[in-house]
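The values are calculated or read from the model by the stated rules, or taken from the named source; none is laboratory data. On a predicted model such as this, the values are computed, not experimentally measured, just so you know. Quick reminder, even Gly has a Cβ in these numbers, built from the backbone with ideal geometry, and neighbours come from all protein chains shown.
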Amino acid sequence: MAGQGARFGHRFKPFLTVSGSTFIEAAVAPFRDFASEIERLVFVYLDAQERDFSVRSKLLEYFPDIPFETVHLANPTRGPAETISAAVKMIGASGPAMICDCDHSLDVAPLFDDFRKQDAEAVIPVWPLNPDEIKSWSVARVDSGIVRSIAEKSVPEHGAGVPMGVIGCYGFKAIESVAARADNLRATNFSDVIQQMLEEQLPVRAATITRATFFGDPERLARAELSA
């Protein structure tokens, strides 16, 4: 939740609405069916956002039935990998974790199915790629459910498999290791961290998602509203 909302005129994106729900409510909704498998829910955002938008009190209104924690970062980051690295250190998180953006809502059952197997360093949800939208995606080459390579906003040049769009909702076997990798790489995006895992020949699974709604920019939000 720590993004700057530039594509929406710098409004606080998690509290914008899609089909009658806030973005953050829509993003969290699919996880409710898996509450028994979730030890802790953490929202990460900026000190300035708390001050300007009373974020925690709003979250208590939106999620009165879900225990959660909040992490406030003092300064904006360069991207999601840096955001999560800072948050992980602040709360001392370790072990398995899922890291998800607030601007989409997807059927997470395939993600949980693969995550439960505990045989991969990471599990990433993938989506059929529209060639006209490559600049809006991380792109992975996927072969028999395994990620072979990944790149940011371009099709990876190397590796076998079909190019697929990567949805920003990652499952990691050891979040403390991911935070350390992000720090060492000075990574902006998780694709940098995942590419390093692949270079080390660590297994990364791809969970194919068949139902999802995207609302991360005004055009996608308009399409989501039309299809609701």
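Brief remarks follow.
- A single entry from Val28, Val55, Val44 fulfils the requirement of being closer than 17 Å to His104 by Cβ, of a type in the set (A, V, I, L, M), in contact with a Phe, Trp or Tyr (Cβ under 8 Å, 6 or more places away or on another chain) and buried (at least 16 other Cβ atoms within 10 Å of the Cβ): Val28.
The rows are residues; the columns are (1) at pLDDT 95 or above; (2) of a type outside the set (Asp, Glu).
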position: Gly3; (1), (2): no, yes
position: Glu25; (1), (2): yes, no
position: Gln49; (1), (2): yes, yes
position: Arg78; (1), (2): no, yes
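- Any hit, the range 191-201, residues being touching a helix residue (DSSP H, G or I) at 6+ places or on another chain (Cβ under 6 Å), surrounded by 21 or more Cβ atoms within 10 Å (Cβ to Cβ) and modelled with pLDDT of 95 or more: yes
- Within the set Arg141, Arg186, the sole residue that is at pLDDT 95 or above and touching a helix residue (DSSP H, G or I) at 6+ places or on another chain (Cβ under 9 Å) turns out to be Arg186.
- Of residues in the range 47-74 being assigned to a loop (DSSP other than H, G, I, E, B) and touching a residue at least 12 places away in the same chain (Cβ under 8 Å), the one farthest from Ala35 (Cα to Cα): Ala74
Conditions tested, residue by residue: (1) in a loop (DSSP other than H, G, I, E, B); (2) under 19 Å from Gln196 (Cα atoms); (3) touching a strand residue (DSSP E or B) at 6+ places or on another chain (Cβ under 6 Å); (4) touching a residue at least 60 places away in the same chain (Cβ under 8 Å).
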site: Pro76; (1), (2), (3), (4): yes, no, no, yes
site: Ala81; (1), (2), (3), (4): no, yes, no, yes
site: Val88; (1), (2), (3), (4): no, no, no, yes
site: Ala93; (1), (2), (3), (4): yes, no, no, yes
site: Cys102; (1), (2), (3), (4): yes, no, no, yes
site: Leu111; (1), (2), (3), (4): no, no, yes, yes
site: Val126; (1), (2), (3), (4): no, yes, yes, yes
site: Lys135; (1), (2), (3), (4): no, no, no, no
site: Val139; (1), (2), (3), (4): no, yes, yes, no
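- Breaking point among (1) aliphatic (A, V, I, L, M); (2) in contact with a Leu (Cβ under 9 Å, 6 or more places away or on another chain); (3) surrounded by fewer than 19 Cβ atoms within 10 Å (Cβ to Cβ), for Ala87: (3)
- Residue in the range 90-101 that is farther than 22 Å from Phe215 by Cβ and acidic (Asp, Glu) present: no
- Which listed residue, of Ala109, Ala120, Ala174, is surrounded by fewer than 20 Cβ atoms within 10 Å (Cβ to Cβ), within 19 Å of Ser94 (Cα to Cα), at pLDDT 95 or above and not acidic (Asp, Glu): Ala174
- The lone exception for Asn184 - which of (1) surrounded by fewer than 17 Cβ atoms within 10 Å (Cβ to Cβ); (2) in contact with a strand residue (DSSP E or B) (Cβ under 9 Å, 6 or more places away or on another chain) it fails: (2)
- Qualifying residue in the range 55-71 (condition: touching a helix residue (DSSP H, G or I) at 6+ places or on another chain (Cβ under 6 Å) and under 21 Å from Asp192 (Cβ atoms)): no
- Filtering the range 1-32 to residues that are among the charged types (D, E, K, R) and in contact with a helix residue (DSSP H, G or I) (Cβ under 8 Å, 6 or more places away or on another chain) leaves Arg7, Lys13, Glu25.
- The single condition among (1) over 21 Å from Gly79 (Cα atoms); (2) buried (at least 16 other Cβ atoms within 10 Å of the Cβ); (3) of a type outside the set (D, E, K, R); (4) modelled with pLDDT under 95 that Ser227 does not satisfy is (2).
- Within the range 176-228, being charged (D, E, K, R) and either in contact with an Asp or Glu (Cβ under 6 Å, 6 or more places away or on another chain) or not in a helix (DSSP H, G or I) (or both) holds for Arg186, Glu200, Arg205, Arg211, Asp217.
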